[in-house]
Amino acid sequence: MPRVAGVAALLVAALLVAGCGSGSPDATRPGGGSGSPGTASGTTRGVVTVLAAASLSKPFTSLKDSYEAAHPGVTVRVGFGSSTTLAQQVAQGADADLVATAGTAPLTLLGDVRPTEVTTIARNTLEIATPPDDPAGVARLTDLGRKDVQVVVCAASVPCGKAAVEVLDRAGVTANVVSRELDVSATLAKVTLGEADAAIVYHSDVVSAGRAVRGVEIPAAQNVTLTYPLARFGDDRAAKDFAAYVAGPQGRAALGAAGFLAP
């Protein structure tokens, strides 16, 4: 956990330094205007800074690459981490034109920083991930309560951790939790590295991991669904255009391929 926290801190510090020359931020937009309004011919130009939940790493990296390829005048900088941590950092002045979180709760941590627009871009549910060969024999949610099954979940302070607590409470299961990680990427890594028998992560993480993990579905009656909002700050043209790209057909296709549900 300390290593992940350090990476997140370095990421935000880098984004803050990179944003220092972008103008004076106001209470509405942390980014303070990093893009330009475009040329006379209508070409969008500028830099768009995006902070996104760790579970969005794969689709957002793909969307960044495809958008930049189609818009040579725009650079999209994307940083990933715990939704809770990212929202707190934006509230403290971190440079961001767009913030995408897992669940809506992190947006309440923005304080006086007010989004100009919030759009729901996807939904997600939880799933159990095990190593491909499933040495502990995890077949159902109740197996996580066995003393011989080492379970990893996200910290209770972040969306994936809160959702895991709710799922386990609904099922009446006291999981044998051996570690609580800062975000869902670190949680899944415990399984892919062979350091845990099972982890409660998002369905999209199981899909994105491919053959590196085995997924065990959680019954709908015990599962939870999180919505993913995309918050935009200010009216910078490049930021508005990239937000529309993420919320549009290209974004829905990338999110769907990564295992996310439609908004």
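Summary table below
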read-out	value
Computed E for Leu261/Thr192 - FRET, C-beta separation, R0 22 angstrom, nearest 0.05	0.40
Distance in nm between pseudo-label sites at Glu217 and Asp133 (7 Å out along the Cβ direction from Cα)	2.7
Ranked packing of 80-88, 197-205, most packed first, by mean Cβ within 10 Å	197-205, 80-88
Packing rank of 89-96, 52-59, where each peptide gets the mean count of other beta carbons within 10 Å, highest leading	52-59, 89-96
Packing-based ranking, highest mean first, of 241-252, 68-79 given that Cβ atoms within 10 Å are counted	241-252, 68-79
Kirkwood-Stokes translational diffusion coefficient of the range 124-225, alpha-carbon pairs, 4 °C, 1.567 mPa s, µm²/s	101
The range 154-211 - Rg (one decimal) and Dmax (whole number), Cα, Å	11.0, 30
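Every number in this text was worked out from the coordinates using simple rules, so none of it is lab data. All of these numbers come straight from a predicted model, not from anything done at the bench. For neighbour counting, all protein chains shown are included, and Cβ atoms are generated from backbone atoms with ideal geometry for every residue, glycine included.
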